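Please treat every number below as a calculation from the coordinates, not as lab data. Keep in mind that what you see is a predicted model, and the values were worked out from it rather than measured. Neighbour counts run over all protein chains shown; Cβ positions are idealised from the backbone, glycine included.
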Amino acid sequence: MIPLVRLVFPVLETTPQRWIQLVEKLTPELFQRKPAPKEWSASGCLRHLVDTERSVFPARVGYLLRGEDFPAYHPGKEGEGPAGNPTPVELASEFAQLRAGSLALLSKVGEADLNRTARHQELGMVTLGEMIHQWAGHDLMHTVQGERAILQPFIDGCGPWKRYFSDHAIPLSPLEGR
């Protein structure tokens, strides 16, 4: 098995840079475009990553290291988030700063700490190692989700090639439109 540090750290280290590259190169309209009415835009995905980096994952590391029960996280119900309406560039910059602090925190976690447990409000007993795997998976999932949102207008505009994107198109209900 690949050691957790070699598996997870590269994901956690590179995710902020991926978002910085996207926000620096894409138009704000494309970045903030929802692929469907009930789906998150790339901007929404980045905002969620910032929210969880600010108040969820680092806190969970602490709970698990102390063996304390911890609450579930429900996006949109927690009331977190940056004040005002930050630009995508500001969000990506904040994400990079927060992540640097998280990586410093994780660098202090030892191999023996990975087996520490605590009770998650909804999932029951979990280990720190499992939560760190989830953190990397969460990064990748929402980065892919954001990129998939960005992809939609290109799928819509590619004419006869659209069939090659069927696995990536976000279907709309008959009443919805982009």
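The table below gives the values:
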{"quantity": "The one condition in (1) of a type outside the set (Gly, Ala, Ser); (2) part of a loop (DSSP other than H, G, I, E, B); (3) surrounded by fewer than 18 Cβ atoms within 10 Å (Cβ to Cβ) that Leu103 fails to fulfil", "calculated": "(2)"}
{"quantity": "Subset of region 59-69 [free of Cβ contacts under 8 Å to residues at least 60 places away in the same chain and buried (at least 19 other Cβ atoms within 10 Å of the Cβ)]", "calculated": "Tyr63"}
{"quantity": "Failed condition for Ala112, given (1) surrounded by fewer than 18 Cβ atoms within 10 Å (Cβ to Cβ); (2) among the aliphatic types (A, V, I, L, M); (3) over 23 Å from Val144 (Cβ atoms); (4) in contact (Cβ under 8 Å) with a residue 12 or more places away in the chain", "calculated": "(4)"}
{"quantity": "Scope region 1-38; condition touching a helix residue (DSSP H, G or I) at 6+ places or on another chain (Cβ under 8 Å), closer than 13 Å to Glu147 by Cβ and not basic (Lys, Arg); matching residues", "calculated": "Thr15, Trp19, Leu22, Val23, Leu26, Leu30, Phe31, Pro35"}
{"quantity": "Residue that is farthest from Phe57 (Cα to Cα) [pool: residues in region 121-142 that are touching a Lys or Arg at 6+ places or on another chain (Cβ under 7 Å) and in contact (Cβ under 8 Å) with a residue 40 or more places away in the chain]", "calculated": "Thr127"}
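Residue by residue, here is whether (1) in a helix (DSSP H, G or I); (2) in contact (Cβ under 8 Å) with a residue 12 or more places away in the chain; (3) not small (Gly, Ala, Ser) holds:
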{"residue": "Arg6", "(1), (2), (3)": "yes, no, yes"}
{"residue": "Phe9", "(1), (2), (3)": "yes, yes, yes"}
{"residue": "Glu13", "(1), (2), (3)": "yes, yes, yes"}
{"residue": "Gln17", "(1), (2), (3)": "yes, yes, yes"}
{"residue": "Leu22", "(1), (2), (3)": "yes, yes, yes"}
{"residue": "Leu30", "(1), (2), (3)": "yes, yes, yes"}
{"residue": "Pro35", "(1), (2), (3)": "no, yes, yes"}
{"residue": "Glu39", "(1), (2), (3)": "no, yes, yes"}
{"residue": "Ser43", "(1), (2), (3)": "yes, yes, no"}
